[in-house]
1. Do we have Tyr194 as within 16 Å of the ligand (Cβ to nearest atom), open to solvent by 10 Å² or more (accessible area, probe 1.4 Å) and closer than 25 Å to Arg245 by Cα here?
2. Suppose we keep only residues that are open to solvent by 20 Å² or more (accessible area, probe 1.4 Å) and in contact with a strand residue (DSSP E or B) (Cβ under 8 Å, 6 or more places away or on another chain) within segment 63-78. Which one would you say is farthest from the ligand (Cβ to nearest atom)?
3. For segment 122-149, enumerate the residues that are assigned to a loop (DSSP other than H, G, I, E, B), within 13 Å of the chain's Cα centre (by Cα) and either within 15 Å of the ligand (Cβ to nearest atom) or small (Gly, Ala, Ser) (or both).
4. Return a yes/no flag: does segment 385-397 have any residue that is closer than 30 Å to Ala119 by Cα and touching a Pro at 6+ places or on another chain (Cβ under 6 Å).
5. Count, please, the residues in segment 1-28 that happen to be open to solvent by less than 50 Å² (accessible area, probe 1.4 Å) and at pLDDT below 90.
6. Run down Trp95, Trp90, Trp113 and say which single residue is more than 14 Å from the ligand (Cβ to nearest atom), surrounded by fewer than 24 Cβ atoms within 10 Å (Cβ to Cβ) and part of a loop (DSSP other than H, G, I, E, B).
7. Condition first: crowded, with 24+ Cβ neighbours inside 10 Å, of a type outside the set (A, V, I, L, M) and assigned to a loop (DSSP other than H, G, I, E, B). Now tell me which residues in segment 176-191 satisfy that.
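The values are calculated or read from the model by the stated rules, or taken from the named source; none is laboratory data. Since the structure is predicted, the reported quantities are computational estimates derived from the model, not experimental observations. Note that each Cβ is placed from the backbone with ideal geometry, even for glycine, and that neighbours are counted across all protein chains shown. Accessible surface is based on the protein model in full, side chains and every heavy atom, while ligands, DNA and RNA are left aside. Shrake-Rupley method; radii C 1.70, N 1.55, O 1.52, S 1.80 Å.
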Amino acid sequence: MKQKSLLLAIAASATLLCSAAGLLPYQNTSLPIEERVNDALSRMTTAEKVAIIHAQSKFSSAGVPRLGIPELWCTDGPHGVRPEVLWDEWNQAGWTNDSCTAFPALTCLAATWNPEMSALYGKSIGEEARYREKDVLLGPGVNIYRTPLNGRNFEYMGEDPYLAAVMVVPYVQELQKNGVAACVKHYALNNQEYFRHTVDVDLSDRALYEIYLPAFKAAVQKGGAWSIMSSYNLYKGLHAGQNPRLLKEILRDEWGFDGAVISDWGGVHNTAQAITGGLDLEFGSWTNGLSEGKKNAYDSYYLADPYLKLISEGKVDTKELDKKAANVLRLIFRTAMNNEKPFGSLNTPEHVEAARRIAGEGIVLLKNEGAILPLDMSGKKILVVGENAIKPMTVGGGSSSLKVREEVSPLEGLRRRFGKVAEITYVRGYAGEQLKDHDGMKLLDISDNRSEEEMISEAIAAAKNADYVIFVGGLNKNPYQDCENTDRAGLGLPYGQDKVITELSKINRNVIVVNISGNAVAMPWIKDVAAVVQGWYSGSEAGNAIADVLSGDVNPSGKLPFTFPVRLEDVGAHAMGEYPGNADAFKCNKDTMPEYYKDDIFVGYRHADKIKNAPLFPFGHGLSYTSFEYGKPMADKKQMDADGTITFSINVKNTGKIAGKETVQLYISDKKSSLPRPVKELKGFSKVELAPGEEKTVTFIVGKEELSYFDDAKHAWVAEPGTFEALFGSSSRDIRGSLTFKLTD
Ligand code: BGC
């Protein structure tokens, strides 16, 4: 009681102080945020509340000018800060001060399996966004990699909910320290681009909770995300941005989210549903306000004049409006009106270095026969082949496209690193389609109109005399590759690259393939090449990072965040699912494309582990230039009860000659269960750095949470008593030790 009156006294004097300083309560950052929100709300008219819950331009929403509450400015996200666009256009505004540092694509970040890299990423991109005076960064994306055809997988963190959930948290936390909100996207079930506006996803609650939600939940609960972006697709018949199950029941009621839900650009379709569905802020709706001669196209948004009209006619009350406006105000107070935020910085040497470090840790050495890598280049003749050695990859791919201050191409990176000691020649090998521009930004013209035969013969002739052939190919950011709004047509490499690689490998035994992609690709030539490096889209420093790994300046330590299947049929979504939707049902109901996720929880390695065909490269795979020996795993006990934990430990030793990093992965296998369970599931990982000969102990604490499955019928997580196995591996298929233990009643 005493304490309460003391608090009241303090609050009263704070109010006095601030009024003395001329501050109104909502302006006073020393007051609790809810008090400020309520105060601001109480001063706003209904029209002012409606004005802050929808866009006023392509990327901004209005503030409350009368009250000095600032506008809210968003930007893409998630790999760098998007260049300025025109007020009402996707096209660039042509500013000259908006070039950024491009950080590696999120698949590459996930491949570091290192939360410290995630923190560095969030901090660096946050500083750039802050400097550019942005309040909300539209990212990171954590949709689960369900099919290698999804054009946007490169923007996400892979196929495993545990890995994505661990990696997303430091990104969000460090970003938001800059007073810039994360807008975690695309919530939820946006697992393909094909039919992205019309696909109506349905799935078991078990798959929803076990596979598709954990990374979002972690971003909200552990990361404290201030905003979340609803996705384009439908879920159980309702668009995600107007879906009370997703936005109210799960996000608010179950997870306690107190931020703002922002629609994906053009993801709102209906005023009544947007009012009650849990959305707070509408962006990008393609209304035809201008053509109807309205004073402002944005007044025609679903949550603009149509909402005001319903209120003024007494058809809806203002309860939902107050909630939405409160959520938006809270977001504004945390960002635009946060006067304690730092100033940020742009294109600093530290950011460039961060981009290079993250890329270096994310690049995955997939194959290294005869330890051909790292390359000893002194006095050697190197032939570089492939369009991706010269193609800028920070531009294109959709909304994540960037305008960078500098992008080092793989060829340039190799020249910088080896140019003085080796003879480097470049030939094209193949050519993809040349696009002219992206959102008004002119693309580098690398068109080559020679025939396939001409380019292959040139490459073969050059390869005859080369000591090493470095083929840099893969996908690119053009439509139907790794690109928003389209999915890939198949697992194979485009533009006849398989043929080029096969022909090169017939002539030269030292072919090293650097695959640039955010997706798994088929590699029918895998046995014929000496080495394969997964180079991702590695941002501004891509070429330097690739040269770092090929030269051995950086010992590779990336591990795959998703499975590379041999064939599409080995992927759950294709073997069992309905990807890209149920075409027959689509015919009957032309507005939406129903798709039931029949693959259920069997996504990625959870499916690959069940089938006979081994994957091309398994989840968690990645080689090093050194070797690691695992000791015998130990546990502090053999059984635990439901409230307890078990601590596992295992020693890892660097048995090679150079320093390196190893990610020890812990998988849990439930030996007997009343519901079908995956063969094993990732439940812990730890990356350790070891000098030659050095040994370290890695520990994992396992509790009930790591043993549970989601029971649809009970709507609860259940840890079933019985026998479990803890598996310790260097990948999901390279298990180095195991222990069984019991969960008792
Ligand atoms: C994308 C979002 C993006 C938004 C704004 C949408 O088309 O799906 O990820 O943030 O555009 O550019």
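1. Yes, satisfied.
2. Glu71
3. Once the filter is applied, which keeps residues that are assigned to a loop (DSSP other than H, G, I, E, B), within 13 Å of the chain's Cα centre (by Cα) and either within 15 Å of the ligand (Cβ to nearest atom) or small (Gly, Ala, Ser) (or both), segment 122-149 yields Gly139, Pro140, Val142, Asn143.
4. For segment 385-397, residues closer than 30 Å to Ala119 by Cα and touching a Pro at 6+ places or on another chain (Cβ under 6 Å): present.
5. So the count comes out to 3.
6. Trp95
7. Those that are crowded, with 24+ Cβ neighbours inside 10 Å, of a type outside the set (A, V, I, L, M) and assigned to a loop (DSSP other than H, G, I, E, B): Asn178, Asn190, Asn191.
Residue-wise test of (1) under 30 Å from Pro561 (Cα atoms); (2) without any contact (Cβ under 8 Å) to a residue 12 or more places away in the chain; (3) touching a strand residue (DSSP E or B) at 6+ places or on another chain (Cβ under 6 Å).
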residue: Gly314; (1), (2), (3): no, yes, no
residue: Asp317; (1), (2), (3): no, yes, no
residue: Phe333; (1), (2), (3): no, no, no
residue: Ala336; (1), (2), (3): no, no, yes
residue: Ala355; (1), (2), (3): yes, no, no
residue: Glu361; (1), (2), (3): yes, no, no
